[in-house]
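Student: Mind having a look at this structure? Questions to follow.
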Amino acid sequence: MLPYGRHAVSDDDVRAVNEVLLGPWLTTGPSVERFEADLRRTIGCEHAVAVNSGTAALHCALAALGIGPGDEVIVPALTFVATANAVLYVGATPVFAEIDARSLAIDAADVARKIGSRTRAVVVVHYAGAAMDLSAVERACEHAVLVEDAAHALGARRAGKVVGERSRCATFSFHPVKHVTTTEGGAVVTSSADLAERARRFRNHGLSTDVQARERSRTWRAEMVELGFNYRLSDVAAALGSSQLHRLGQGLYRRRRIARRYIDELERIPQLEIPEHGDPDEHAWHLFPVLIHPERLRVTRDGLIEALRAENIGATLHYPAVHLQPYYKQRFGTSAGMLPVTEDVCARILTLPIFPAMTDEDVDNVVEAVDSVVRWASH
Ligand SMILES: *Cc1c(COP(=O)(O)O)cnc(C)c1O
């Protein structure tokens, strides 16, 4: 089965990891500092704080912003559950907003409707790797902080501006299916030195100094000033991340080539619709999503996914709407009909395989399979 995404580990990656593994320092140390510097250089941001998952990065970001019980955070429902779960981790309440049917980004008008005196943050998702237009949401945010869940968007740009470059707060994931992996890992990037410092403290039990800072200031004392977590990334993982970051450009180039090919071939199929994607060369193409026109097909989206999987194409769904997950329905009484646009998209969308190691033949196979399955499924 051709998966929808797959990591690639090179000989250079293995050498970089081995070097750290056989060295004197295994957990958060010089390799994490180097990885953070590499991230700053790649993204062009002021501060980067590496942690041990993208989910931890979201939790750190919201905690560092001082969000807690009684606060509301607006999130989209077309996302991985972690986006909304992080709001629950800090004891705040997620409020789900609609997405735009064409761009699949959060709908600024719905954010404006749902924002209130309790809203402390609006988390947006650069879905699939398309850097969304932030200007309308920024206006809708009023007093709330805009947080970007950029797990899909490492290396994505909009009008030349890199995602995270000037962000008050953006988070990334280095899970194997994302652009760059540290096995598990993530990062908070921010333009604020204060926010970075708070995130750094939160990832290390809420201790006021970490080992590096203690060594630099020649002190052995550490004080716990708030309740934090152990969200530290290991030096072994960071070494993999730095080595992988060197190949980000190459990976993005290949993803963009594949996406262009898909767009050229699939645009011609009237039963399918490709979401608005802007300049394909600015997109990070973590996912390649397509929407079906159900009225032109005699199978559902699930049926189409099944048929593609029977052809060894690992088509899948990103994502089932978060507000319709059993946990959210039970805890918050959310139900179908609350977010009609999101629910319609979630019923029509599917993900096709896209990752740098895909060969041209793999791409041909996907296009052929989609073509024949759609023909089979048409009236
Ligand atoms: C992957 C992902 C996360 C979580 O990242 P992990 O590293 O798996 O914890 C959060 N949000 C989105 C949109 C993601 O795709």
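The values are calculated or read from the model by the stated rules, or taken from the named source; none is laboratory data. Since the model is a prediction, treat every value here as computed from it, not as a measurement. Ideal geometry is used to build each Cβ from the backbone, glycine not excepted, and the neighbour counts take in all protein chains shown. What goes into the accessible areas is simple: the full protein's heavy atoms, side chains included, and nothing from ligands, DNA or RNA. Shrake-Rupley method; radii C 1.70, N 1.55, O 1.52, S 1.80 Å.
Student: Restricting to the stretch 51-87, give me the number of residues that are part of a helix (DSSP H, G or I) and within 18 Å of the chain's Cα centre (by Cα).
Tutor: 16
Student: Of everything in the stretch 184-199, what is more than 10 Å from the ligand (Cβ to nearest atom) and either surrounded by fewer than 24 Cβ atoms within 10 Å (Cβ to Cβ) or in a loop (DSSP other than H, G, I, E, B) (or both)? Give them in sequence order.
Tutor: Once the filter is applied, which keeps residues that are more than 10 Å from the ligand (Cβ to nearest atom) and either surrounded by fewer than 24 Cβ atoms within 10 Å (Cβ to Cβ) or in a loop (DSSP other than H, G, I, E, B) (or both), the stretch 184-199 yields 191, 192, 193, 194, 195, 196, 197, 198.
Student: Let me ask you something else. Of all residues in the stretch 113-158 being within 27 Å of residue 179 (Cα to Cα) and without any contact (Cβ under 8 Å) to a residue 12 or more places away in the chain, which is least open to solvent (accessible area, probe 1.4 Å)?
Tutor: Looking at residues that are within 27 Å of residue 179 (Cα to Cα) and without any contact (Cβ under 8 Å) to a residue 12 or more places away in the chain, I get 135.
Student: Search the stretch 159-179 for residues being within 13 Å of the ligand (Cβ to nearest atom) and assigned to a loop (DSSP other than H, G, I, E, B), and hand back the single one that is surrounded by the most Cβ atoms within 10 Å (Cβ to Cβ).
Tutor: Narrowing the stretch 159-179 to residues within 13 Å of the ligand (Cβ to nearest atom): 163, 170-179.
Adding the requirement that they be assigned to a loop (DSSP other than H, G, I, E, B) leaves 163, 174-179.
On the way: 163: 29, 174: 32, 175: 19, 176: 16, 177: 15, 178: 22, 179: 28.
Filtering first and then ranking leaves 174.
Student: Tell me which residues, restricted to the stretch 212-239, are hydrophobic (A, V, I, L, M, F, W, C), at pLDDT below 95 and over 19 Å from residue 60 (Cα atoms).
Tutor: Passing the criteria: 213, 220, 222.
Student: For the stretch 77-98, does any single residue satisfy the condition of being open to solvent by less than 40 Å² (accessible area, probe 1.4 Å) and aromatic (Phe, Trp, Tyr)?
Tutor: Yes.
Student: Output yes when any residue across the stretch 132-148 is within 19 Å of residue 187 (Cα to Cα) and among the charged types (D, E, K, R), and no when none is. Break it down into steps so the answer makes sense when it comes.
Tutor: Just the residues of the stretch 132-148 that are within 19 Å of residue 187 (Cα to Cα), to begin with: 145-148.
Applying the additional criterion that residues be among the charged types (D, E, K, R) yields 148.
Yes: the stretch 132-148 contains one or more residues that are within 19 Å of residue 187 (Cα to Cα) and among the charged types (D, E, K, R).
Student: Where residues in the stretch 274-305 are of a type in the set (D, E, K, R) and open to solvent by less than 50 Å² (accessible area, probe 1.4 Å), which of them is farthest from residue 377 (Cα to Cα)?
Tutor: Result: 282.
Student: So residue 323 ticks every box in (1) in contact with a Ser or Thr (Cβ under 6 Å, 6 or more places away or on another chain); (2) without any contact (Cβ under 8 Å) to a residue 40 or more places away in the chain; (3) not hydrophobic (A, V, I, L, M, F, W, C) but one. Which box is left unticked?
Tutor: The failed condition is (2).
Student: Just one of the numbered conditions (1) within 16 Å of the ligand (Cβ to nearest atom); (2) touching an Asp or Glu at 6+ places or on another chain (Cβ under 7 Å) is not true of residue 274; which one?
Tutor: Answer for residue 274: the failing condition is (1).
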